[in-house]
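Every read-out reported here was derived from the displayed coordinates using simple, explicitly stated rules and does not represent laboratory data. Owing to the predicted nature of the structure, the values given are computational and were not obtained by experimental measurement. Positions of Cβ are generated from backbone atoms using ideal geometry, with glycine treated the same way; all protein chains shown enter the neighbour counts.
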Amino acid sequence: MDRKIWLMSPAVFLLLCFCVVPLFIMVYYSFLSDGTGGHWTVQNYMDFFQKDIYLKLTWKTVKMSFYVTVISLLISYPMAYVMVSIIQGGKNMLLMAIIIPFWTSQLVRAYSWQNLLRDGGLLEIGLRKLHLIGSGPLGLMFTSTAVIIAMVHIFFPYMVITIYMSLEKVDGALVEASKSLKAGPLTTFRRIVLPLSKPGIISGCILVFVPSLGVFVEPRILGGTQGTVIGTVIEDQFFEIYGWNFGAAVSFILLAIILLSMAVLSRFAKEEA
Amino acid sequence: MAYLEINRLTKSFHGNRVLDRIDISLEKGTFLSLLGPSGCGKTTTMRMVAGFESQDEGTISIGGQSIDSLPPYKRNIGMVFQSYALFPHMSVAQNVAYGLEQQRLSRGDIRKEVANALEMVQLTGYEQRKPKQLSGGQQQRVALARALVTKPSLLLLDESLSALDKNLRSAMQIELRMIQKEIGITTIFVTHDQEEAMTLSDCIAVMRAGRIEQIGSPHEVYERPANTFVAGFVGQSNFLKGALEEVGEGRARLVLGNGNSLFVPFTATGSAYPQGTETILSVRPEKIRLTRDTSAQTGMKGTIKFITYVGSTFTYLVEALGQELKVQRQNDSNDHSFRQGEDVWLAWNAEHQTLLAE
């Protein structure tokens, strides 16, 4: 065997110690009846599927992630398109502007949104100054809408960057070739640019949808009573209720949903490649 | 009015004039090459015809119709790109059908036209392949079929053969020219390869720094270059710069810049070249005869400095009167018995030299 393979050993060691082993410990917990003891059982999983509330929360989480993904896509595609095709200089500055918020804690960003969205907050003041709303409170805080707004803000940069990269790879000569073959700008976009940027759209969707499924900070801070999602259920089980066994079971159900959605999206990408 | 009329086409980028009053008029069915070094404006000219660039001044019309205000997709111009620009996510058949679909033809007609076009470029049976499954030559053919299938009024070829290896390239040159003649489409071909331009064209426009230096048939451009640039870019040339003195019957004395002089053959009337006219005499390497007989009326004596053997020809580098001249001889005679360091006489006929002003 090639001796170079040993170069991988530090990474493999890290992965084994801090990812695979803990994962198996969690699997082990999820089949125990009580804490680190008790007997073997599948009751934790049964609980999840037998209680209506968890299925509803799952559906709600999936729906919310779906909205976040679609809104991110609608914002990101035009932005990436403009960055690639129109703006000559300053592309790097724009990319930096998109990336810089990454370096801010998710928690800080969630609290910033709270200041913007709350009744009497900046958004309300601004809208009132523009006479776009009446004198009543904004009523945006502690709703699913507030959660979705903040999540879009946090996740859409992944989408911009992946779409930007795939659009940048589209050869300008292909666009010109399409036009020389009598296709107008719209047809050229629909039949050449869009299909060729599909890999970027798919990976962008995966990068937004998957973390959205497990999110718990934003729902907690901005969602109020509306903010219960699978992510917060898991967090509660581990940190509030100390129901590690049930929490672990829910985690693996979430993991299954994530793997399933990735499989579906990847199949989408392969279809025409 | 000619079929394609380009009038005083001018363009500047950031204050740099890249095209300066380009005039071209082409009859229908003509194959024109825009030939020149990179940055001479040949590609810009073609992109303006295609509608991908807009001119600052000047007009372009095809068949008497101005196309200046039309976007590329309304110009009815077929183009083969340097990189071929085949749509990678579409099959060969889909690529070729693309332009026809924009014309809203019926499915049956599209299938028939695609089949015909692929037959023309000898790619029947490759319909379902993707571009990346094809060789360079095959991609080239698909690009050509795709550009021609919509029956455009003009075909543009952007250095389209330069990516192919030498043998395939000359095969494609012949094929391209045959197809072009068969369907009689007016064609503009952009190239920096003078040999390719000579092989393919009815007409060559030699460009430099945004201007057309000379436009004419390959024969005219080669045999009667307008200036030293054309003479040096299209084929090779020897230049002798000097002043004409003692213009007489059949010959004239050319006094070179370094003070040396020689008699050159001369048939023009003396009135066109008064005593002392500054001129650059241009003569092609293959037009110079080498002899050991030094008693000729015109020509010059020189010493062979170096001999290059390339199979079909010999190239001699000869030093004569303080100048270096290239002489090329076919490998068919006893000429190659010349040795390095040997003294020889160089001579040529009046009809093989060109007197240039610059």
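Overview of results
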quantity: Cα long-axis angle, helix B:166-183 against chain B (0 to 90 degrees, to the nearest 10); calculated: 70
quantity: Rounded D (µm²/s) - segment B:1-41, Kirkwood Rh over Cα pairs, Stokes-Einstein at 10 °C, 1.306 mPa s; calculated: 136
quantity: Kirkwood Rh, Cα atoms: Rg over Rh of chain A; calculated: 1.05
quantity: Separation between Cα centres of segment B:220-274 and segment B:6-66, rounded to whole Å; calculated: 33
quantity: Viscosity 0.692 mPa s, 37 °C: Kirkwood-radius Stokes-Einstein D of the protein assembly as shown over Cα pairs, µm²/s; calculated: 104
quantity: FRET efficiency, 1/(1 + (r/R0)^6) with R0 22 Å, evaluated for B:ALA115 and B:GLU182 via beta carbons; calculated: 0.80
quantity: Assigned charges on the beta-carbon of Lys, Arg, Asp, Glu; segment B:238-356 dipole about Cα centre (debye); calculated: 180
quantity: Angle between chain B longest axis and helix B:107-120 axis [Cα atoms, degrees, rounded to 10]; calculated: 20
quantity: Rule-of-thumb Rg ratio for segment B:243-295 [Cα; 2.2 N^0.38 Å; N residues]; calculated: 1.21
quantity: Segment B:4-227 - share of DSSP beta bridges that are antiparallel (%, nearest 5); calculated: 55
quantity: Partners for B:LYS74 among lysines (Cα-Cα distance below 17 Å; same-chain residues under 8 apart left out); calculated: A:LYS179, A:LYS182, B:LYS151
quantity: Within-11-Å neighbourhood charge of B:MET46 [Cβ basis; K, R +1; D, E -1]; calculated: -1
quantity: Number of partner chain Cβ atoms within 10 Å, mean per residue of B:44-53; calculated: 1
quantity: Local electrostatic count, B:GLY311, Cβ distance below 14 Å [Lys/Arg +1, Asp/Glu -1]; calculated: 0
quantity: Estimated D of chain B in µm² per second, where Rh is the Kirkwood radius over Cα pairs and Stokes-Einstein applies at 37 °C, 0.692 mPa s; calculated: 142
quantity: Rh (Kirkwood; distinct C-alpha pairs) - segment B:1-148, Å; calculated: 17.1
quantity: Inter-chain shielding of A:142-148 (mean C-beta neighbours from other protein chains, 10 Å cut-off); calculated: 0
quantity: Nearest-ten-degree value, helix A:52-85 long axis tilted from longest Cα axis of chain A; calculated: 20
quantity: Rg/Rh for segment B:210-358, where both radii come from Cα atoms and Rh is the Kirkwood radius; calculated: 0.97
